[in-house]
Amino acid sequence: MAIVRVQQGDFDVGAELAALRAGKPSVGAVVSFLGTVRDLNEGTGVATLTLEHYPGMAEAALLDICAEAAQRWPLIETLVIHRVGLLLPLDQIVLVMVCAAHRGDAFDACAFIMDFLKTRAPFWKKEQTPEGTRWVEARADDEHAAQRWSEPPVA
């Protein structure tokens, strides 16, 4: 099962973890990724970050990514929370949590979800810098990270 939320408000990582694990004694591993706003990007200071999304399509893309992860690994539960709107340095942007019986599956699925979130989900970032406003371009290293999942797993 996957839980996906796109929201403006912040989230409590501890509360989200407790809710995700509640009543699931088969969970042997929880792996999470927390993305935050940095005050520097590509050598330039960042005062604010504005995240925009395509409502409905963003949630559907995240659900599809989680479903693909669940086809690849035996997962018990996944959670993706992605914030939108105006954010400041140190603010939380994204939380991905994956529950599985075993750590290897949870680690791999969490990395997979993040890699595809960065390349497939319709989110756009705009930074306010000392030089003005700029849109953040897609990164080649994000595409490269996602491509590794197209290769067959090493046994």
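The values are calculated or read from the model by the stated rules, or taken from the named source; none is laboratory data. Remember, it's a predicted structure, so these values are computed and weren't measured experimentally. All Cβ positions, glycine included, derive from the backbone under ideal geometry; neighbour counts span all protein chains shown. Ligands, DNA and RNA are excluded from the accessible area calculation, which covers all protein heavy atoms including side chains. Shrake-Rupley method; radii C 1.70, N 1.55, O 1.52, S 1.80 Å.
Expressed as cubic angstrom per residue, what is the convex hull volume of the alpha carbon set of the stretch 1-148?
106 Å³
How about the stretch 1-76: which trypsin sites (Lys or Arg not before Pro) there are in a DSSP loop, with at most 13 other Cβ atoms within 10 Å of their Cβ?
Arg38
For Met57 and Phe33, calculate 0.36 nm times their separation in residues minus their Cα-Cα distance, and state this gained length in nm to one decimal.
Residue separation times 0.36 nm, minus the Cα-Cα distance, leaves 6.4 nm.
The stretch 2-76: D in µm²/s via Stokes-Einstein (Kirkwood Rh, Cα pairs, 4 °C, 1.567 mPa s)?
Calculated translational D: 84 µm²/s.
How much length, in nm to one decimal, is gained on full extension between Gln92 and Thr48, taken as 0.36 nm per residue of separation minus their Cα-Cα distance?
So the chain would gain 14.6 nm between Gln92 and Thr48.
Among 49-60, 94-105, what's the highest-first ranking by average C-beta atoms within 10 angstrom per residue?
94-105, 49-60
When the helices in the chain are scored as -39500 (n - 2.57) per DSSP H run of 4 or longer and the sum is shared across all residues, what 222 nm value do you end up with, to the nearest 500 deg cm²/dmol?
Calculated mean residue ellipticity at 222 nm is -10500 deg cm²/dmol.
Treat every Asp and Glu Cβ in the stretch 1-73 as -1 and every Lys and Arg Cβ as +1, leave all other atoms uncharged, and give the resulting dipole magnitude about the Cα centre to the nearest 20 debye.
360 debye
Report, to the nearest whole %, how much of the accessible area of the chain belongs to carbon and sulfur atoms, 1.4 Å probe, protein only.
55 percent
With angles folded into 0 to 90 degrees, how steeply does helix 57-72 sit against the dominant principal axis of the chain? Use alpha carbons for both and round to 10.
40 degrees
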